Structures are given as C-alpha cells and as structure tokens.
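All remarks here apply to the structure that follows.
The values are calculated or read from the model by the stated rules, or taken from the named source; none is laboratory data. Only a predicted model underlies this, so the values are computations on that prediction, with no experimental measurement involved. Neighbour counts run over all protein chains shown; Cβ positions are idealised from the backbone, glycine included. Side chains included, ligands, DNA and RNA excluded: accessible areas come from the protein's heavy atoms. Shrake-Rupley method; radii C 1.70, N 1.55, O 1.52, S 1.80 Å.
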Amino acid sequence: MTVLIVGGGKMGLSHLAVASSLVGRGNVAICEANFGLRFAYRHMGHRVFPSLHAAQDCLRGNLSAAIVATPTPSHYPVAKSLLEASVPCFVEKPLTLRSVHSAELARIATTRGIHAQVGFVLRYVATFVTLRKLVSSARFGPVVSYEARMSGNVITGRQADTWRSDYSRGGGCLNEYGPHLIDLCRYAFGDISVVKEAAATQVHSQRADDRMTASWVHVSGTAGRLELDWCDTARRKSVIEFDVMFQHAHVTLDNSTLNIDHLAPGWTGAPGELQALQSIAPPTVSFYLRGEEYSLQLEDFLGRSLQRKFGATPFEGAAMPALLADGLAVDQLIEEIARKAGLA
C-alpha cells in the first residue's frame, strides 16, 4: 500500500505529515519536480519520485490513493492520469481552472466508480457544520437571506508578474478565496440557481481581482451575498464570517464561534437549547496540524479510499466530503462570477 503526495510545497508538506501519521511513514511517498525539495525530503527519509510518470511506473499495482497538491494549472493533467489508472484522488482546491476540464475529471471518477475528493477543508470546521444542521433542520424556520465574507491580509503591496497577480493563471482573490467560500455556501444552503451580479476591485494586482462581491439566489429561493478580500490590513490571518437571517432568528458565526439572537416572538425551545447550540467544541483528531479540519478531511478521504477507520469524530455523517461534482459546480460559479465582473 502506498499513498502518493503529488507536489511537495506548503500543502504537500502538510498532507505528507498528516497522511504519514495515519497510515505510517513507510506507506507514504512524495512526487516533486524540484531537485532541492526532493533532496530535503529524501534526507528526511521519505520515498521520493521526480515525476508522476516515474511514481506510477514504480508503484504500479501498489498505488492505493493519491493527494494532488501541485499548482492549480497542473491539477487537470495530474488528476486525469491518476483517475484513468483508477487511483482514488484528493485534489486541492480549486479543482481546475476550466470547468470543462473539471467536468471531464468528474465523469472519469463516476464512470470508474473511484472515490475522488476536492480539498474544501472548511466543510470540516465545527461552526460551519452546525450552520448546515441549523439550515437543514429548519429549527428557526427557512433562511431568508445571508451574507458570507472571507477576508485576510495576503496581498500587502504591488504584485510582481507572478501567477498570484494573473486571474488566467489561477491568481486573484476569486480563485484563491472564492472556492472555499462558494463551496461553504452550497454546502450550507444548497445549490445556486442564478448569479445576479458581481463586481471586482483591483488594489495591488493588475490582471486579477483583490476584492470581489457577488449576489445570487439559491434553488430554495434564499438570497445570498458574497464578499472576498485578500488585502484586508485589519486581519492577521483569513477569517470566514456568516450573517444569516432565518425566519425566526438571526445567526452570526465565524471559524470558531456561533451566536444566536433576535429570536422571533413566540419562539419556544427546550431549556438550554440555545446555549448547547452555541457551545461548540472542536472535535478530537488522531493527529493535529494547523487545525482539526486538516486532519479530519484526510481521515475522511483515506478512510473512504482505503476502507479503513481513522478515529471517530462528532462530525460523522455531517461533514460530507466534497466530491468532484462539487468542485465542478464551484468552478462553474467562479467562471460565471468572473464573466459578470469582467475578469474573463
């Protein structure tokens, strides 16, 4: 059994650590084109391959799952090669830069019956899982409208000519922050039927957006508004916030807290119900790195791919994995928002 990490950058290193803790260091290999990184990983005792072709050739018949953590433009060819070899795949977000390519990957996975998952890690954050439960249970009535925001201090000055400053190469706020927040909105409130409007703002970038706003309507009729900002100097790290108006309550939440107020007159609930809903404890994971959610998503992916169990969590049955069809839906929405905002 071998789990292959394709791409040894920041995310690949993170996935390597978590996967090694779950299935054992000797059962994980890494594929990395950069000689210096290969030397470092080999020095740390990891099995290393210079290319995907070399890894597939050597591991033929022994490749049990793969995690694709390469730059976004290479997601399509890398994932396609693995899926066509019937290898279960975890692909970092966004799935690809063209929805037609995402659709092809989703079709291959479905046709071959392969478990394939997109790295929408925020589905495994306790507060967002609770939001989804509140919406689906209709405990406070249907959702009337909501605002979703993601902001951080990633871009702090004029950008050089790199992928980060070029929307067509996967740069910009919409490509970087958008997949996470768009998927969360679909995860909590259901499919989106129409994007009504979108507007991009350039602060430091020349060929990409630094801020983005969009409004849409879900199939359920719920109205939503999206705000993305990756040059917010007031932030130390990225923060995701929701402001949700239910028929009978107002709910606000972020990565770690959830508050319920403005209950409608006549609302009755069990004693302590609101306190219980707002007292959210992070789940227990077998290995902690960066946040419980990063371990949970790999426990989920590897558990489904290898048909093994990696520790029980309170999320079981609630934090559904994002399949390639979800990645496709998000990529299609990104393209629609980009068109309306004049990026594409």
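May I ask you to evaluate 6.51 cos²θ - 1.76 cosθ + 1.60, the Karplus curve with θ = phi - 60°, for each residue of region 241-257 and list the ³J(HN,Hα) values in order in whole Hz, giving x for glycine and proline?
Result, ordered by residue: 10, 10, 10, 10, 9, 7, 4, 10, 6, 10, 10, 10, 7, 9, 4, 10, 10 Hz.
Antiparallel as a % of all DSSP beta bridges within the chain, to the nearest 5?
55 percent
So in region 136-285, what percent of DSSP beta bridges are antiparallel if you round to the nearest 5?
Here the share of antiparallel DSSP bridges comes out near 80 percent.
How do His101, His262 stack up against each other in accessible area, from largest to smallest, with a 1.4 angstrom probe?
From most exposed to least exposed: His262, His101.
Let me spell out the model: positive unit charges on the Cβ of Lys and Arg, negative unit charges on the Cβ of Asp and Glu, origin at the Cα centre of the chain. What dipole size does that give, in debye rounded to 20?
840 debye
Can you show me the helix-derived [θ] at 222 nm for the chain, built from DSSP H runs with n ≥ 4 at -39,500 (n - 2.57) apiece and divided by the number of residues, rounded to the nearest 500.
Helix-only estimate at 222 nm: -10500 deg cm²/dmol.
Suppose each label sits 7 Å from its Cα in the direction of the beta carbon; what would the Arg42-Lys80 distance come out to in nanometres?
3.1 nm
Can you sort His75, His46 by 1.4 Å-probe accessible area, starting with the largest?
Reading off the accessible areas and sorting them downward yields His46, His75.
Calculate the length of the line joining the C-alpha centroid of region 216-243 to that of region 131-171, in whole Å.
With region 216-243 and region 131-171 each reduced to a Cα centre, they are spaced 5 Å.
Say the dipole of the chain comes from +1 at the beta carbon of Lys and Arg and -1 at that of Asp and Glu; which of Thr110, Ala33, Val91 then lies farthest toward its positive end?
Projecting each Cα onto the dipole axis, the largest value belongs to Ala33.
Multiply the residue separation of Val144 and Arg339 by 0.36 nm, subtract the distance between their alpha-carbon atoms, and state the gained length in nm to one decimal.
67.5 nm
Can you give the accessible area of Ile192, probe radius 1.4 Å, in Å² rounded to 10?
Near enough 30 Å² of accessible area.
At Asp57 and Arg25, where each label point lies 7 Å from the Cα along Cα→Cβ, what is the point-to-point distance in nanometres?
2.9 nm
Sorted by accessible area with a 1.4 angstrom probe, largest first, how do Val144, Val285 fall? Present the calculation step by step, with values, prior to reporting the outcome.
Details: Val144 85, Val285 30 Å².
Sorted descending by solvent-accessible area, the residues read Val144, Val285.
Got a sec? Which residues in region 222-242 would a label at Thr252 touch, if it sits 7 Å along Cα→Cβ and we count backbone N under 11 Å?
Answer for region 222-242: 242.
Which value, in Å² rounded to 10, gives the accessible area of Val195 with a 1.4 Å probe and all protein chains present?
10 Å²
Would you compute, for the Cα atoms of region 1-129, the largest minus smallest coordinate along each principal axis and list the three values in descending order, in whole Å?
Taking max minus min along each principal axis of the Cα atoms, region 1-129 gives 39, 38, 25 Å.
Contact order normalised by length for the chain, with contacts defined as Cα pairs under 8 Å and 6 or more residues apart; what percent is it?
20 percent
What is the calculated FRET efficiency for Thr110 to Leu274, with r their C-beta to C-beta distance and R₀ = 45 Å, to the nearest 0.05?
After rounding to 0.05, the efficiency reads 0.60.
Cα centroids of region 188-213 and region 70-91: how far apart, whole angstrom?
Taking the Cα centre of each part, region 188-213 and region 70-91 sit 27 Å apart.
How much accessible surface does Glu104 have with a 1.4 Å probe, in Å² rounded to 10?
Solvent-accessible area, nearest 10 Å²: 40 Å².
For the chain, what are the DSSP H helices with axial Cα length of 24 Å or more and mean Kyte-Doolittle hydropathy of at least -1.0?
Result, helices passing both filters: 324-341.
In the chain, with Lys and Arg counted as +1 and Asp and Glu as -1 at Cβ, which of these residues, Leu274, Thr222, Leu82, has the Cα nearest the positive end of the dipole, that is, farthest along it?
The residue sitting most towards the positive pole is Leu82.
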